[in-house]
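One structure below.
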Amino acid sequence: MATVVSVRWRTPPPGSINERLIVDDDGHAWLEVLRPRSPGEAVGTYEGAVEKAEIRELTAAGSDVALDVVVQDPRLAAVAVMADRVAQRLLASPLAVAQFFARPVGAVPPLPATLAIGVLGVGSQPVEFELDLAECAVYFSPGEAPVSWIPLPELSNGFMTPDAEGLGGVRQRATVPPGVVGAISVPLVVPDDANELSVRVIGGWFLPGESIPEEFEARTAPQPL
């Protein structure tokens with residue numbers, strides 16, 4: 001198998017979008033979503049098939065195409081439309097995807113409130129990643145825009161399953177098999193004017209078969225407080 005076209009969605013520095021569509025000559029395609037075009041809680045790799053007619057349209061501008069999400073090149077309009085169509089279809093076929101979520105846990109005085117940050121493995125292969133705690137943060141909002149944020153504290157343990165099995169993810173690579181849920185609990189102090197929160201998750205992502213990580217970013221869905 002040989003790659004016939006690679007399409008990357010990007011934004012100018014210091015932009016954060018990083019999605020890639022890779023198509024092989026046998027009609028197989030992979031969508032690598034490390035920094036989603038639409039802020040979301042899922043990152044990872046999706047796969048599926050593409051038709052010969054789709055390949056012809058995707059390769060019309062060459063084998064290596066960069067699509068600027070901010071300033072679109074009209075010469076790449078047809079390729080952009082087809083790439084987006086294929087990408088949207090592949091999102092229904094996860095290969096190795098992590099879905100992150102955050103849930104505030106109510107306090108029982110005198111115990112403080114806590115925040116559970118979780119991950120669910122989705123697809124047919126395990127996901128592998130490591131958090132960058134210095135970049136991860138909890139955002140508080142009145143429902144429209146963030147009003148404040150706090151960094152994640154230094155953690156002694158990584159993600160744990162409900163059966164207390166360690167999955168890693170803090171100072172070591174996490175391996176989360178499909179269908180497995182892991183969580184980390186952190187202290188939570190809520191600002192007075194906040195009524196919902198979300199978590200920005202950043203770290204290194206190991207694509208299937210790769211030993212060197214790439215940076216990923218996910219944003220959990222807002223949760224009411």
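The values are calculated or read from the model by the stated rules, or taken from the named source; none is laboratory data. Just so you know, these numbers come straight off a predicted model, no measurement behind them. Cβ atoms come from the backbone with ideal geometry, glycine included; neighbour counts cover every protein chain shown. The accessibility values were calculated without ligands, DNA or RNA, using every heavy atom of the protein model including side chains. Shrake-Rupley method; radii C 1.70, N 1.55, O 1.52, S 1.80 Å.
Against the test of being touching a residue at least 40 places away in the same chain (Cβ under 8 Å) and either within 24 Å of the chain's Cα centre (by Cα) or surrounded by 14 or more Cβ atoms within 10 Å (Cβ to Cβ) (or both), the options 98, 49, 80 yield a single qualifying residue, 98. Among the residues making up the stretch 161-183, those that are more than 25 Å from residue 212 (Cβ to Cβ) and either open to solvent by less than 50 Å² (accessible area, probe 1.4 Å) or modelled with pLDDT of 95 or more (or both) are 161, 179, 181, 183.
May I ask you to say which residue of 41, 19 is open to solvent by 20 Å² or more (accessible area, probe 1.4 Å), at negative phi and of a type in the set (D, E, K, R)? Every option except 41 fails the conditions.
Looking at the structure I just gave you, is residue 99 at pLDDT 90 or above, polar (S, T, N, Q) and in contact with a Leu (Cβ under 7 Å, 6 or more places away or on another chain)? Criteria met by residue 99. Check whether at least one residue in the stretch 121-128 is open to solvent by 30 Å² or more (accessible area, probe 1.4 Å) and touching a Ser or Thr at 6+ places or on another chain (Cβ under 7 Å), and report yes or no. The answer is yes, given that some residue of the stretch 121-128 is open to solvent by 30 Å² or more (accessible area, probe 1.4 Å) and touching a Ser or Thr at 6+ places or on another chain (Cβ under 7 Å). Restricting the stretch 184-217 to residues that are small (Gly, Ala, Ser) and either over 17 Å from the mean Cα position of the chain (by Cα) or at pLDDT 95 or above (or both) leaves a set whose member that is surrounded by the most Cβ atoms within 10 Å (Cβ to Cβ) is 203.
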